[in-house]
Amino acid sequence: MSASPSDDEKEERHTAETTVEESDASALTLDSDEASRALARVQQIFDEDEERTKDCPVHNADKNDEALPITPAAAYLLKEVLEPLHPADIAWVLEALPLDERLAVWNQVRSDSDGDILLEVNEGVRQTLIDAMDRSELVDAVETLDTDEIADLVDDLPPDVMAEVQEGLSHEERAQLRAAMSYPEESVGARMDFEMVSIREEVTIDMVLRYLRRYKTLPDHMDQVFVVDRRGILKGTLSVAQILTSDPTKQVRRIMHTESFTLNPLDDVSEAAQAFERYDLVSAAVIDETGRLVGRLTVNEIVDVIREESEEDAYGAVGLDDEQDLFGSVWSSAKSRWLWLGVNLCTAFFASRVISAFDGTIERVVALAALMPIVGGMAGNSGNQTLTLLVRSLAMGQVTLSNTADIWRKEVGVAILNGLIWGCIAGLLAWALYWDTPEGQKLGIVMALAMFLNMLQGAVVGLAVPFVLKKLGRDPAMGGSVLLTFMTDSGGFLIFLGLATVFFGISA
């Protein structure tokens, strides 16, 4: 993306190269931790370049206005670090850099990798990279991608860029792109790959081998070829292992698998991921309602689906968007967190009102103030265990109408057993701490009962929240921990202080 250093900069480059040799050379070694090493080296290059140019302002004409100005020597070193990296590793490095450094690194990436990197980074970072590219760069980057990959970028690209890209596609590719864009975001059709190998059932294995040799490169993750008739109807599959080991004179119809796992373009991709895990699949045919082969789903897409859902659940549990830029603007990042912070503030004030309603009780028995957090904390932890287990089971499709009642019975039973055991332990500890006070014995009983009831409440809330959210069509993990904390804190304080008021005969 930028020009090579000129001759008058050779001395500066030599100095920089010497620095590389004297520094940690293992930073450029290819191993399982390559991306982490590359990130450390990139940050070191920026630090050293800043030291060298502290008293000498530099100008880099190739840089975007928001990019960090760097010397040609630093640019050369960055290229050396980036050159051997896989696009996914470069994407990981870019996500871990502040905006100005990110754009400086982005300008040193080989242009033939731009499209693959845009696919790998999250949406927040992708937008910053797209904003830093001009129209021609965007068109060149997108044109290197397959149609199913282009469909993944459609929402992020300017309309004029997409129009120019589509003009450069063949009639078949445009049809594939329209098809991929027509399916819902979380469907198999939106994730399927159009690049596949299909053969006829009447041909021999020798003809199949000769046909495959005509390909310059075979489609990625091709563990099987699909057998179709003249209308494109799927008749069966033939594994690559069968092709390599079978008698070349045999016809495909004699050895193909007629019973194979297939998907519909409108199937939920999460359910497809479960099937891939259950049956150890590498690829699966995607057929329409008429049985016609329209694409295939591959394991690399499934891995992406599983990762995205895992991140979505983790972020959603605390009310965060899983596609945020780690170094995004302060204003946009703050706004994205307002909803659940506002909910949290309201629940916290509600909990404080619960406590203030029992001021008289706390004044009479000061020990209650010290024991309250224990009741809420234990129930919150127990409820989160139930919540996490249920959210995972819902995501795996293991929860059905017929087994919902069994799940409730089991989890409530666990909460009752744990509540009895840990309630008794907490009660004994409370009594042991305050045995020498007049209210020590009653304090132990109150602690035991409050712990039991609040842990039971935590389990009920941990079960109810995901079910209710799913019923409303929302992500079962969204904000679950926030709502659970509200209930176990406010409800726990109410139970604990209410019991104390009754046992100590205090008028609240």
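The values are calculated or read from the model by the stated rules, or taken from the named source; none is laboratory data. Model, not experiment: these values are computed from the prediction. Here the Cβ is made from the backbone with ideal geometry for all residues, glycine too, and neighbour counts use every protein chain on show. Ligands, DNA and RNA are stripped out before the accessible areas are found, and what is left, the full protein with its side chains, is counted by its heavy atoms. Shrake-Rupley method; radii C 1.70, N 1.55, O 1.52, S 1.80 Å.
Given the condition in contact with a Ser or Thr (Cβ under 9 Å, 6 or more places away or on another chain) and in contact (Cβ under 8 Å) with a residue 60 or more places away in the chain, answer yes or no: does some residue in the range 402-424 qualify? For the range 402-424, residues in contact with a Ser or Thr (Cβ under 9 Å, 6 or more places away or on another chain) and in contact (Cβ under 8 Å) with a residue 60 or more places away in the chain: absent.
For residue 195, indicate whether it is charged (D, E, K, R) and either more than 29 Å from the chain's Cα centre (by Cα) or not in a loop (DSSP other than H, G, I, E, B) (or both). Spelling it out, it is not the case that residue 195 is charged (D, E, K, R) and either more than 29 Å from the chain's Cα centre (by Cα) or not in a loop (DSSP other than H, G, I, E, B) (or both). Of all residues in the range 387-407, none satisfies being closer than 18 Å to residue 493 by Cβ and either among the β-branched types (Val, Ile, Thr) or crowded, with 17+ Cβ neighbours inside 10 Å (or both).
Yes/no per residue for (1) of a type in the set (A, V, I, L, M, F, W, C); (2) out of contact with any helix residue (DSSP H, G or I) (no Cβ under 7 Å at 6 or more places or on another chain); (3) modelled with pLDDT under 90:
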position: 61; (1), (2), (3): yes, yes, yes
position: 69; (1), (2), (3): no, yes, yes
position: 89; (1), (2), (3): no, no, no
position: 116; (1), (2), (3): no, no, no
position: 119; (1), (2), (3): yes, no, no
position: 122; (1), (2), (3): no, no, yes
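Open to solvent by 50 Å² or more (accessible area, probe 1.4 Å) and under 30 Å from residue 505 (Cβ atoms): does that describe residue 429? For residue 429, the condition - open to solvent by 50 Å² or more (accessible area, probe 1.4 Å) and under 30 Å from residue 505 (Cβ atoms) - is met.
For the range 245-263, what are the residues that are of a type in the set (Gly, Ala, Ser) and either touching a strand residue (DSSP E or B) at 6+ places or on another chain (Cβ under 7 Å) or closer than 30 Å to residue 187 by Cβ (or both)? Lay out the reasoning, then the answer.
Here is the first cut: in the range 245-263, the residues of a type in the set (Gly, Ala, Ser) are 246, 260.
Scanning the range 245-263 gives a single hit, 260.
Can you find a residue in the range 213-233 that is over 23 Å from residue 189 (Cα atoms) and either surrounded by 13 or more Cβ atoms within 10 Å (Cβ to Cβ) or touching a Phe, Trp or Tyr at 6+ places or on another chain (Cβ under 6 Å) (or both)? For the range 213-233, residues over 23 Å from residue 189 (Cα atoms) and either surrounded by 13 or more Cβ atoms within 10 Å (Cβ to Cβ) or touching a Phe, Trp or Tyr at 6+ places or on another chain (Cβ under 6 Å) (or both): absent.
Starting from the range 477-493, keep only residues that are in a helix (DSSP H, G or I), then list their pairs with residues that are open to solvent by 50 Å² or more (accessible area, probe 1.4 Å) and not aliphatic (A, V, I, L, M) whose Cβ atoms are within a distance under 7 Å, requiring at least 6 positions of separation or different chains. Every condition considered, the pairs that remain are 481/384; 482/344; 484/384; 490/350. State the number of residues belonging to the range 97-112 that are assigned to a helix (DSSP H, G or I), closer than 17 Å to residue 141 by Cα and open to solvent by 10 Å² or more (accessible area, probe 1.4 Å). Summing the residues that are assigned to a helix (DSSP H, G or I), closer than 17 Å to residue 141 by Cα and open to solvent by 10 Å² or more (accessible area, probe 1.4 Å) in the range 97-112 gives 2. Among the residues of the range 185-208, write down those that are among the basic types (Lys, Arg) and over 30 Å from residue 149 (Cβ atoms). The answer is none; no residue qualifies. Checking each residue in the range 327-367 for being within 25 Å of the chain's Cα centre (by Cα) and open to solvent by 50 Å² or more (accessible area, probe 1.4 Å) picks out 327, 329, 330, 331, 332, 335, 337, 338, 339, 341, 344.
Scanning the range 216-249 for residues that are part of a loop (DSSP other than H, G, I, E, B) and under 35 Å from the mean Cα position of the chain (by Cα) yields 216, 217, 218, 219, 220, 221, 222, 223.
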